[in-house]
1. Just to be sure I understand the model, the point goes 7 Å from the Cα along the line to the Cβ. What's the resulting Lys43 to Arg81 distance in nm?
2. Expressed in nm to one decimal, what extension gain is obtained for the pair Val12 and Leu24 from 0.36 nm per residue of sequence separation less their Cα-Cα distance?
3. With the cut-off at 1.5 for a/c, could you classify the stretch 1-49 from its C-alpha gyration tensor as rounded, prolate or oblate?
4. Of the peptides 11-24, 122-135, how do they stack up when ordered by the mean number of other Cβ atoms within 10 Å, highest first?
5. Once you place label points 7 Å from the Cα toward the Cβ at Ile73 and Arg136, how far apart are they in nm?
6. Add +1 for every Lys or Arg and -1 for every Asp or Glu among the other residues with Cβ under 14 Å from the Cβ of Asp20, and state the total.
Amino acid sequence: MGRIVALDYGKVRTGIAVTDELQLIASGLTTVKTVDLISFLRKYVSEENVERFVIGEPKQMDYTPSQAEELIIPFMKHLARTFPEVPIERQDERFTSKMAFQSMIDGGIKKKQRKNKALLDEISATLILQAYLNRR
């Protein structure tokens, strides 16, 4: 088995989470600038056995795609061309940012640290990945 890599794709930053090799535990990995994402993933995939990518699927409350989907679709095509051997799946990401923020509060993270958008994106990616694992 290989790792599953989840992405909370954003215009500026992308949060990244991964599973262990047994695909039991979702853990935050990092947040990278979106312009550096493909090069980061190239390096990561060259060092780790990656079985699949899971990309958050932003939806409105009525299940229609959000505006962010306009950025994600071209990225997914680029990702598929760059890593043709790695399947890509989607996971509903509604409420992940709110849940990530609440988990920061529940975890006792100080108010100043909660303003760190990179940490929020990483936690959101972890929540996306955990939801994916739960769904399987």
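1. Those two pseudo-labels are separated by 2.3 nm.
2. Taking 0.36 nm per residue and subtracting the Cα distance, the gain is 1.4 nm.
3. Taking the square roots of the gyration eigenvalues as a ≥ b ≥ c, the stretch 1-49 is oblate.
4. 122-135, 11-24
5. It is 2.8 nm.
6. -2
Laboratory data are not the source of any read-out in this text; all were calculated from the coordinates shown. None of the values given here were measured: they were computed from a predicted structure. Virtual Cβ from ideal backbone geometry, glycine too; neighbours counted across all protein chains shown.
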